[in-house]
Structure formats: C-alpha cells, structure tokens
Amino acid sequence: MSASADVLQRPDLVAVAAQEKTNFHQAAIRKANSWDPESFAREQIRGLVRRVFFAADDCSVKQIVFSAADVHTDAAKICLQVGQALVLETRSDIALVNRGLADQTDIYRPHYFGKPSIKSWSTQIATNLWRVPECKLRQCAGEIGNPWPGALAELRNEFEYAIIHAPAADGSSEAALLGHLTDGMVLVLGAHSSRKASVCKVKQNLQSTGSRILGIVLSERRFPVPEAIYRRL
C-alpha cells in the first residue's frame, strides 16, 4: 500500500497535519500583526548610521550634514533619530547641531576670561549627546564673513562626531558649502513632496561643488500596502 493510501487510512495523521498548517498560519498572522513601523524605522536609521560612520573601508567620517532636498521637507527629526542611533554605537561625544533653537535674545557672548566650551551652553540630551544651537555655534567662531570653517574646527575640538542640520539644498547655498567643508552629506527626501527631477538637479549641483553625498533618506513614508508585505522586501 502506498504512503498516500496509508495517510488516508489514518484520520489522526490528517488531523495532525491540518492542525500544524493552522498553527503555522496563526503564527504568521501574529508575527505580521506584531510588526511595529516605529521599530522598523529605528532599525533603518541604525543601519544608515553603521554604513555611514562605521564603514569598513572608511572610518574617517566624523562630521556629516543632513539637508532636505526641498523646502517642504523637514530634516530635523531625521537628525535627532540619527543622533540617538549613534549613541548606541559609540561612547564618544556627539554634537547634534540644530537650526532655530535660539532666538536673538539668547545669543552667545564672548567671556573676558576665555571662550567657554560648546558643551557649557549646549543641552545634553543623552550620556554622550549634546544639542548645539546652530546660531550660537556660528557666533562662537567669531569670524567675519564665513564662520563655518571656524565653527566646524571648534566642533572637532570637543566632539568626535557631529550631525549638522543644514538648510534645504534646493533653496540655500549654505547646504552645498557645508557639504564641501564636512566629511559628506545625506539628502533627506519627502515621500510626498520631493520630485525626481528636482532631486536629480539638487544632487548634480551638490556634486559640482565638491559635496560628497553619502546617502539618501526617505522620510514621511506611509504604508499603502499591507505591512506584512513590507517586512518581506
């Protein structure tokens, strides 16, 4: 008698096989339902940090600029997430340079007895992560004209790593300048605002000024198809 005939003669085996199939499908459903988009996003950011800062063939990347590809996209949240992910990878001091954190009434003023450290007027938000107001940093450089070379040098003196939030690349030449002065930059695209043609133009302009583009991040992404499918991509 064949094996298939044996199974037909054994209803208990058929029941066991059916139960195993049901258990498999139920486990797959539980796994899909437990998928958390926020956790997925954190893992993606952590992967970016590892590739950008700790690439096997290039460990010299210390200062990185994050710039939105268009004025309708905000890169501030991405910068914070990158800083938080970098904290998990190193014990070295990290500066998170944010735009618009201080108004004109809260500015840096030189002391008569030497220049205070950047950390002294920055906000420590983790064990080795400081939020540095961009306007104060530029004033700290104390240079007429372009303050960024001096400001970046001050950052290097106190911090091993720096994450710099730059203006949108399509509306300011400052992003290209920072991309040229630092170890590279990451473009932040808006899933619902950035257009392919404009992004290509921005990328070409940045590369023509000597900016080293290290990566591209897609923000504000939604999941129009079932999440379980994204987990398999």
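The values are calculated or read from the model by the stated rules, or taken from the named source; none is laboratory data. This one's a predicted model, so the numbers in the text were calculated from it and none came from an experiment. Note that each Cβ is placed from the backbone with ideal geometry, even for glycine, and that neighbours are counted across all protein chains shown.
Structure data summary
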item: Residue satisfying condition, being hydrophobic (A, V, I, L, M, F, W, C), at pLDDT below 90 and either on the phi > 0 side of the Ramachandran plot or surrounded by fewer than 19 Cβ atoms within 10 Å (Cβ to Cβ) (or both), within set 55, 126, 76; result: 55
item: Every residue from the stretch 162-215 that is modelled with pLDDT under 90, part of a strand (DSSP E or B) and within 20 Å of residue 99 (Cβ to Cβ); result: 189, 190
item: Restricting the stretch 123-149 to residues that are aliphatic (A, V, I, L, M) and in contact (Cβ under 8 Å) with a residue 12 or more places away in the chain, the residue that is farthest from residue 190 (Cα to Cα); result: 141
item: Residues satisfying the stated conditions in the stretch 150-166, i.e. touching a residue at least 60 places away in the same chain (Cβ under 8 Å) and surrounded by fewer than 18 Cβ atoms within 10 Å (Cβ to Cβ); result: 156, 158, 160
item: Positions within the stretch 174-194 being of a type in the set (D, E, K, R) and touching a residue at least 60 places away in the same chain (Cβ under 8 Å), in sequence order; result: 183
